[in-house]
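A.B. asks: Here it is: the structure, laid out below.
The values are calculated or read from the model by the stated rules, or taken from the named source; none is laboratory data. This structure is a prediction, so every number in the text was calculated from the model and none was measured. Every residue, glycine as well, gets a Cβ built from its backbone with ideal geometry; the counts of neighbours run over all protein chains shown. These area figures cover heavy atoms from the full protein model, side chains too; ligands, DNA and RNA do not enter into them. Shrake-Rupley method; radii C 1.70, N 1.55, O 1.52, S 1.80 Å.
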Amino acid sequence: MGGVGDDEPASKRMKLSFVELRSLSNGSAVTEPIAGSSRGLMARPIKSEGDEEVIGPKGVIKRVEFVRIIAKALYSLGYKKSGALLEEESGTPLHSPVVNLFMQQILDGNWDESVATLPKIGVLDENVVKSASFLILEQKFFELLDGEKVMDALKTLRTEITPLCINNGRVHELSSFIVSPFQCVLAGSPKRDIVRAKSRSKLLEELQKLLPPTIMIPERRLEHLVEQALILQQEACLFHNSLDKDISLYTDHHCGRDQIPSRTLQVLEAHTDEVWFLQFSHNGKYLASSSNDRSAIIWEVDMYGRVALKHKLSGHQKPVSCVSWSSDDQQLLTCGIEEAIRRWDVSSGECLQVFEKAGVGLVSCGWHPDGKCIFSGANDKSICMWEVDGKQLECWKGPRTLKISDLEITSNGKQIISMCRETTILLLDREANAERFIEEDQTITSFSLSRDNRFLLVNLLNQEIHLWNIEGDVNLVAKYKGHKRARFVIRSCFGGLDQSFIASGSEDSQVYIWHRASCELVEALPGHSGAVNCVSWNPANPHMLASASDDRTIRIWGLKDLKYLNVKRAECHSNSNSNGNHYCNGGT
């Protein structure tokens, strides 16, 4: 094979590859052999890239890289003999002889030798060589301290680590351990583990992350590539909305339309006028709706996915434009048009507080995530913060909001989002007192915040929905088209598994669903007989969607294939119940 030990029989070379490494000086024993010994099998140098063949139908996989990654995976899985045989039969070593020597020196604690070998393994970047040397000498320093060789440790710090002229902060930390090696331990500091040497195999893992992957292949590289391929297949699948995590490697991933809620399972008929707004609770156990009939309703979702009326909330003197759930889903806010905000107890249906401002009508509402405060938008274009007992805490004067505007508060409570002009959304950081803006060319009618607070879905007058990334500098990332909007406020939402879909109401009485990443229209669901004003996707059940319409009804959408449902509906064909619920067999 042209390397050290070629005159030895194969069986002996194999045995040398699996010899146990001796115990480390810090008391921990390493029994894992180096993947590929510097003798025998590993003596053959790695082929240069110009000599590499390509494999696979697309011709993009380099054979040498492919074989090395498979060998690495075999060793990681514990199949050491198989890994060694693959190296021998393919003629492709996992590591070069000098890299194997370097790894062995690390595991044996030969620190000076390993630092001397480091520049010879093929690292061209001097900064990487220095950083790797720092890690090695730091390990040497700690092992000397653990062995109570304080003067030797001090010498290493002064003559070997400090001259590297990097990571000065860490050098100061190391010097403090010379003065009092156990100060962090005695003080109960969370840094107590940094005063002891890590295992040498752990050091090798850290060096592996630092050095170029062509020299030392990262741990679990094959697993990472396979997982990445599976995730990309899921993300590219237009209909992936399944809770089933059992994905096979044997076939390409593909979901059918049966994973999208497209069948009317229930029609809720308790409102007596147009239904303008609805929203599922965070835990998915409740649905709240508001209507032109001046009422709001709390609906309860049972364990089988059936929705039933829990409380009808009365007291507003004007139509109820929106609702907002507290973070624990135990309270609900309702807002009348330019009127008042009411706070309700979800369990009892009791009104706990009325928020009013003399001479000013409130137009939107939202909760602070701690549940102790609420926010309101007002028709004087201001945004106010209130304690739950009705005391106003703070007010940001206009123009901060409009008479018709949504209001969102990020989950950390720091950012308030509202429409400040017809074509502009305000992102107000109330702690830093800083403002950012989303500028549109068209009039904005509504918006919705993603669960991770990174994206904002903006509905426009021109029948487009725009997806904005609001993390850092705001930027437009996607547009969705197809729904109809001419006269009314139409709302959209994120939804489905990992919020991979966008759903929207429409004035043509249909519910529209797009695949979020590709912007491709997935479904247009007929059923309502009036404009669909608002939609909400159950955050706990990717197979449940609700829509609110001018036809005075709410439709609950689920999967067409009833085998996915936990409730028998055979007996529910067109039967109404006393709660204003109408069960359907899938017809419209």
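A.B. asks: So what is the accessible area of the range 47-162 per residue, in Å², with the probe set to 1.4 Å?
C.D. replies: Working: 5800 Å² over 116 residues.
I get 50 Å² per residue for this part.
A.B. asks: Along Cα→Cβ, 7 Å out, is where each label goes; now give me the distance between the ones at Thr251 and Gln317 in nm to one decimal.
C.D. replies: 6.4
A.B. asks: Modelled label-to-label distance, Leu521 and Leu497, 7 Å Cα→beta-carbon offset: nm?
C.D. replies: 2.5
A.B. asks: Please pull out the direction-averaged projected area of the range 418-549, using the convex hull of its alpha-carbon atoms, in nm² to one decimal place.
C.D. replies: On the way: hull surface 32.2 nm².
Computed as one quarter of the Cα hull surface, the answer is 8.0 nm².
A.B. asks: Using a 1.4 Å probe on the protein chains only, how many percent of the accessible area of the range 440-492 belongs to carbon and sulfur?
C.D. replies: Working: 1010 of 2390 Å².
Ligands and nucleic acids excluded, carbon and sulfur reach 42 percent.
A.B. asks: Right, here's the next one. List the equivalent ellipsoid semi-axes of the range 318-468 in whole Å, largest first, each obtained as the square root of 5λ for an eigenvalue λ of the Cα gyration tensor. Display every interim value, and only then the final one.
C.D. replies: Numbers: eigenvalues 114, 53, 48 Å².
The three semi-axes for the range 318-468 are 24, 16, 16 Å.
A.B. asks: Shifting gears a bit: How far apart, in nm, are the 7 Å Cα→Cβ label points at Arg220 and Gln208?
C.D. replies: Result for the modelled spin labels: 1.1 nm.
A.B. asks: Lys and Arg at +1, Asp and Glu at -1: add these up for the other residues within a Cβ distance under 11 Å of Gln105 and post the number. Don't skip to the end; give the middle numbers.
C.D. replies: Values: positive: Arg200; negative: Asp108, Asp112, Glu113.
Its environment carries a net charge of -2.
A.B. asks: Considering only protein heavy atoms and a 1.4 Å probe, what is the carbon-and-sulfur percentage of the accessible area of the range 296-433?
C.D. replies: The value for the range 296-433 is 44 percent carbon and sulfur by accessible area.
A.B. asks: Let me ask another. For the range 496-541, give the percent of accessible area contributed by carbon and sulfur heavy atoms, probe 1.4 Å, rounded to a whole number.
C.D. replies: Working: 570 of 1340 Å².
With neighbouring chains kept in place, the figure for the range 496-541 is 42 percent.
A.B. asks: Also, quick follow-up: Counting Lys +1, Arg +1, Asp -1, Glu -1, what net charge surrounds Gln353 among other residues with beta carbon under 9 Å of its beta carbon?
C.D. replies: On the way: positive: Arg342, Arg343; negative: Asp389.
Here the count lands on +1.
A.B. asks: Still on this model: Got the relative contact order for the range 135-178 handy, in percent, Cα pairs under 8 Å and 6 or more residues apart?
C.D. replies: Dividing the mean separation by the residue count of the range 135-178 yields 37 percent.
A.B. asks: Taking 8 Å as the Cα distance limit and 6 or more residues as the minimum spacing, I'd like the relative contact order of the range 233-379 as a percentage. Mind dumping the intermediate values first?
C.D. replies: Numbers: 313 pairs, mean separation 19.8, N = 147.
About 13 percent, as a whole number.
A.B. asks: What does the net charge come to around Thr272 if you take all other residues with beta carbon closer than 14 Å to its beta carbon, with K and R at +1 and D and E at -1? Write out the running numbers ahead of the final one.
C.D. replies: On the way: positive: Arg294, Lys312, Arg552; negative: Glu269, Asp273, Glu274, Asp293, Asp550, Asp551.
Local net charge: -3.
A.B. asks: Follow-up question, since we're still on this one. So which aspartates and glutamates pass the test for Lys155, namely a Cα distance under 14 Å, with those fewer than 8 places away in the same chain ruled out?
C.D. replies: Asp112, Glu138, Glu143
A.B. asks: Taking a label point 7 Å from the Cα of Ala540 along the Cα→Cβ vector, which residues of the range 260-292 have an amide N closer than 16 Å to it?
C.D. replies: Residues 279-288 qualify, since their backbone N sits under 16 Å from the label point.
A.B. asks: Given a 1.4 Å probe, how much area per residue of the range 318-435 is accessible, in Å²? All intermediate terms of the calculation are to be shown ahead of the outcome.
C.D. replies: On the way: 4670 Å² over 118 residues.
About 40 Å² of surface per residue is accessible.
A.B. asks: What does the range 299-360 give for Rg and for Dmax, in Å, if only its C-alpha atoms count?
C.D. replies: Just the Cα atoms of the range 299-360 yield Rg and Dmax of 13.0, 47 Å.
A.B. asks: Output ³J(HN,Hα) for the range 459-471: one whole-Hz value per residue in order, computed from phi by the Karplus curve 6.51 cos²θ - 1.76 cosθ + 1.60 with θ = phi - 60°, and x for Gly and Pro.
C.D. replies: Listing the rounded values in order: 8, 10, 5, 8, 6, 10, 10, 10, 9, 10, 8, 10, 7 Hz.
A.B. asks: Further question: Are any of the pairs Lys140/Lys209; Lys318/Lys481; Lys80/Lys202; Lys80/Lys209; Lys479/Lys560 more than 25 Å apart by Cα-Cα distance, and if so, which?
C.D. replies: Numbers: Lys140/Lys209 19 Å; Lys318/Lys481 33 Å; Lys80/Lys202 20 Å; Lys80/Lys209 22 Å; Lys479/Lys560 28 Å.
Violating the 25 Å limit, Cα to Cα: Lys318/Lys481; Lys479/Lys560.
A.B. asks: Hey, got the Cα dimensions of the range 387-438 along the principal axes, in Å, largest first?
C.D. replies: Over the range 387-438, Cα extents along the principal axes are 34, 24, 19 Å.
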